[in-house]
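The next block holds one structure in the form of structure tokens; read it before the comments.
Bear in mind these aren't lab numbers, they're just calculated from the coordinates by the rules spelled out. Just so we're clear, the structure is a prediction, and the values are computed from it rather than from any experiment. Please note: Cβ atoms are built from the backbone with ideal geometry, for glycine as well, and neighbour counts cover all protein chains shown.
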Ligand code: DON
């Protein structure tokens, strides 16, 4: 009898795995002629494409894809988080949309400090106090209102509602993470039955009736259904119960903001990216401007000279980030100065080709990196009229603060950790900050998210972005160089090995096989410290060349998927 039972269980397991690999057949590389979506999940990418086939434009597709990710990619897709997007219309108008979370009204500079003035570990990362006021629903609605083509908002939520109601088979990667964080889920949400079970297997169905209910409310009432009424009250109740300070007014007052994007020329291209409160556009712009003065193409991909220059530029740019960058509505970020040629010349004045400048000589300090694994997610879309949108959104860590609004089925972010809790004390990405990124009521925490669009001769050339915390900026930087300077196609550029330096800690993080043994030896001889890491970034990108769209998902992320037609 027992044997028979085991055989049945094994057969069920095999079936569920086969079923899963069938469903999770992903495309990491695709060429198409008309329109394309690259996202972190095949269900979501397909929904985006479907919306465009029904006559929707890139923004309609983005909204539908994002709501779908909130269902099928709960570790990062979200209703309870925030993000940024860069939009470029067919006429060439470029806009940045900021739907970053804000600090609650009762937040203050010393929110995470004890009576001795020391940072209390974990307080900005887990539980209610880690939660910023979510921006996603307001942001998606604002984008659709200004740029969407489909008339009915509810049509954009319908596919996500179906997925939440009927359920879908979780991928191997999602099952793994749901199991990994079970203890944290239990801590903050002891009675939750939707996300907590004995053991998740790939192919198990995740059915989310509570989330379906919330999506239906948003479908009929728009953002008011989220920021006011029963859902808002449930958010406040859960945050309060979990030790937080968010109030109903915080939600009611939340506003997404359209901003002027950062636009930086690089060779024959214009790079359009995110202004503060993200550091992405400024840092990427500084890096591109610095390296444009050197013959990278001649030096070659990942040679000593190229790597050394990029690393030395990165150290200085991340030191600037720590000191000068924050929410520009609260702090006078010197955007023009940071991007001026004269400043960058001065900044690189002590650069030497044969020797690493220790970070201590640029700015003092040292610390250890936090071990939590991170998640964020990016969507790149081009529609039939060549309208393009690049959008990165996040809960910050995997499943954010791990706090679930149980009755409405979604996780809340832990974005408050992106503020500088105390000058010089690192956050979970090892990033430090100061006054510019200090906590203040209603302020937005500094981000590294770098959704970007590159144009050439006034036409969209590349749409790209990635998760990866502090490594987002350098992953986008390298992907652009790979295409522009090292003649890679989109797929090669995305899969190419990556490295990263963020000024502190003072070492080059690099992926296995990123460098030849000879280059590693040369880098060490010049005084660089190196640390091999498992992987850096999950870039999702689209290249427009010779009249075709070439989409690339990152093979580093099992579920990344390109769909197009
Ligand atoms: O806004 C930021 O920079 C971070 N909260 C992003 C987090 C992230 O990318 C985690 N993922 N891999």
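Tabulated values for the structure
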read-out: Whether the stretch 379-477 is rounded, prolate or oblate, judged on the alpha carbon gyration tensor where a/c under 1.5 counts as rounded; value: oblate
read-out: Contact order normalised by residue count of the stretch 276-356, Cα under 8 Å, 6+ apart, percent; value: 44 percent
read-out: Cα gyration tensor, the chain - rounded (a/c under 1.5), prolate or oblate; value: rounded
read-out: Debye equation applied to the C-alpha atoms of the stretch 292-339, log10 I(q)/I(0) at 0.13, 0.25, 0.29 Å⁻¹; value: -0.44, -0.88, -1.03
read-out: Helical contribution to [θ] at 222 nm, DSSP H n ≥ 4, -39,500 (n - 2.57), averaged over the chain, rounded to 500; value: -11000 deg cm²/dmol
read-out: Within the chain, percent of DSSP bridges classed antiparallel, to nearest 5; value: 90 percent
read-out: Least to most buried among 237, 327, 33 (fewest other Cβ within 10 Å first); value: 33, 237, 327
read-out: Shape box of the stretch 175-266 [Cα atoms, principal axes, largest first, Å]; value: 48, 44, 30
read-out: Fewest-first sequence of 293, 88 by Cβ atoms within 10 Å of each Cβ; value: 293, 88
read-out: Unit Cα scatterers, Debye sum, the stretch 136-294: log10 I(q)/I(0) for q = 0.10, 0.17, 0.21 Å⁻¹; value: -0.60, -1.14, -1.24
read-out: Spin-label model distance (nm) - residue 249 vs residue 361, 7 Å beyond Cα toward Cβ; value: 5.2 nm
read-out: Length added when fully stretched, residue 521-residue 350, from 0.36 nm per residue minus Cα-Cα; value: 59.3 nm
read-out: Computed over the stretch 326-478: relative contact order in percent, which uses C-alpha pairs under 8 Å that are six or more apart; value: 23 percent
read-out: Length added when fully stretched, residue 162-residue 507, from 0.36 nm per residue minus Cα-Cα; value: 119.5 nm
read-out: Angle between the chain longest axis and helix 153-166 axis [Cα atoms, degrees, rounded to 10]; value: 70 degrees
read-out: Gain upon complete extension [residue 220, residue 529; 0.36 nm per residue less C-alpha separation]; value: 105.7 nm
read-out: Residue order, fewest to most surrounding Cβ atoms within 10 angstrom, among 562, 131; value: 562, 131
read-out: Length-normalised contact order for the chain - Cα pairs under 8 Å, 6+ apart - percent; value: 25 percent
